[in-house]
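K.L.:
Quick one: this structure, given as structure tokens, is what I'll be asking you about.
The values are calculated or read from the model by the stated rules, or taken from the named source; none is laboratory data. Note that the structure is predicted; figures quoted are calculated from it, not measured. Cβ atoms come from the backbone with ideal geometry, glycine included; neighbour counts cover every protein chain shown.
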Amino acid sequence: MSTITTRDGTRIYYKDWGKGQPVVFSHGWPLSSDAWEAQMFFLASNGYRCIAHDRRGHGRSSQPWNGNDMDTYADDLAELFAALDLRDAIMVGHSTGGGEVARFIGRHGTQRVAKVVLMGAVPPIMLKTPSNPGGLPIEVFDGFRRAYLEDRAQFFLDVASGPFFGFNRPGAKVSEGLIQSWWLQGMMCGHKNGYDCIKAFSETDFTEDLKKIDVPTLIIHGDDDQIVPFRASAILSAKLVKKAELKIYRGGTHSLGDTSKKDLNADLLAFARSQP
């Protein structure tokens, strides 16, 4: 397997497909780089070098007890950039991965980055706070933690069968294959890593990170995203990022890479080819 070893000894697995300008993908919780395969295949087939890693504690990467926080996630990604000497990269982040991309830029800047895509992303902050009254109450995430500890296998199955892909909506075309793929990726996540990551994706404030993004940025979100409601995320992020283009998919779910695959692939390719 292709891996790097970080400064604290954590092994990070990554995929590296194709040749050309690098496109670096950051996945959502509790998944792995496998969640991006359709987009990676499409863009690599159109002349791009597509790279995606399994975040520490997820997929095929090590499962360290510590470091399950956004600062460390971003630093791990920076080590991957350095190891592969990536330059002029297009960073693409989904859900938790969108937070990882924002924090990467907040901590490491855009010297190696040409463009950014945030899709169904958690920034600016998911949690309801005095300064973010439209966020979700802490009780929602406490409920996630309780369900996770009680029976995480069933919890993951419930998420995949329902709100993640919008399969709980009337008339939805349910894919048992997608459900099983999501469940399998989730179960590969380290138990403590997945638990800690709930706090990381819900309570981290990315406001200042977003303000530091100074490259062309495409923000994509579904207006029927039941995991990360778009009005408290994409709408606010688009106001904080200087060079942001906002695209809302009507009826779009949280998993646009699966349920709106053709549209998303086309938008990613057009954005990659666009001139700054």
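K.L.:
Please pick out the residue among Asn168, Asn132 that is more than 28 Å from Asn265 (Cα to Cα) and polar (S, T, N, Q).
P.N.:
On the way: Asn168 fails: more than 28 Å from Asn265 (Cα to Cα).
Of Asn168, Asn132, the one residue that is more than 28 Å from Asn265 (Cα to Cα) and polar (S, T, N, Q) is Asn132.
K.L.:
Further, regarding this structure: Would a scan of the range 227-237 turn up a residue that is at pLDDT 95 or above, over 22 Å from His27 (Cβ atoms), assigned to a helix (DSSP H, G or I) and β-branched (Val, Ile, Thr)?
P.N.:
Yes: the range 227-237 contains one or more residues that are at pLDDT 95 or above, over 22 Å from His27 (Cβ atoms), assigned to a helix (DSSP H, G or I) and β-branched (Val, Ile, Thr).
K.L.:
In addition: Criterion first (modelled with pLDDT under 95 and of a type in the set (Ser, Thr, Tyr)) does Ser161 satisfy it?
P.N.:
No, not satisfied.
K.L.:
Somewhere in the range 133-140, is a residue among the β-branched types (Val, Ile, Thr), more than 21 Å from His94 (Cα to Cα) and either surrounded by fewer than 13 Cβ atoms within 10 Å (Cβ to Cβ) or modelled with pLDDT of 95 or more (or both)?
P.N.:
Looking through the range 133-140, at least one residue is among the β-branched types (Val, Ile, Thr), more than 21 Å from His94 (Cα to Cα) and either surrounded by fewer than 13 Cβ atoms within 10 Å (Cβ to Cβ) or modelled with pLDDT of 95 or more (or both).
K.L.:
OK, next. For the range 217-251, how many residues are crowded, with 24+ Cβ neighbours inside 10 Å and of a type in the set (Gly, Ala, Ser)?
P.N.:
4
K.L.:
Just to be sure I understand, how many residues within the range 41-98 are within 19 Å of Lys199 (Cβ to Cβ) and either in contact with a Cys (Cβ under 7 Å, 6 or more places away or on another chain) or among the charged types (D, E, K, R) (or both)?
P.N.:
Selection size over the range 41-98: 10.
K.L.:
Still on this structure, I have one more. Looking only at the range 50-86, which residues are free of Cβ contacts under 8 Å to residues at least 60 places away in the same chain, within 28 Å of Ala266 (Cα to Cα) and either surrounded by fewer than 20 Cβ atoms within 10 Å (Cβ to Cβ) or small (Gly, Ala, Ser) (or both)?
P.N.:
Across the range 50-86, the qualifying residues are Ala52, Ala74, Ala78, Asp85.
K.L.:
I'd like the residue in the range 253-276 that is in a loop (DSSP other than H, G, I, E, B) and touching a residue at least 40 places away in the same chain (Cβ under 8 Å) and, out of all such residues, is surrounded by the fewest Cβ atoms within 10 Å (Cβ to Cβ).
P.N.:
Of everything passing the filter in the range 253-276, Pro276 is surrounded by the fewest Cβ atoms within 10 Å (Cβ to Cβ).
K.L.:
For residues in the range 104-158 being within 19 Å of the chain's Cα centre (by Cα) and assigned to a helix (DSSP H, G or I), which is nearest to Cys189 (Cα to Cα)?
P.N.:
The selected residue is Phe156.
K.L.:
Just one of Gly166, Gly186, Gly194 is in contact (Cβ under 8 Å) with a residue 40 or more places away in the chain, of a type in the set (Gly, Ala, Ser) and not in a helix (DSSP H, G or I); which is it?
P.N.:
From the options Gly166, Gly186, Gly194, the qualifying one is Gly166.
K.L.:
Evaluate the following for Lys243: is it touching a strand residue (DSSP E or B) at 6+ places or on another chain (Cβ under 9 Å) and at pLDDT below 95?
P.N.:
It is true that Lys243 is touching a strand residue (DSSP E or B) at 6+ places or on another chain (Cβ under 9 Å) and at pLDDT below 95.
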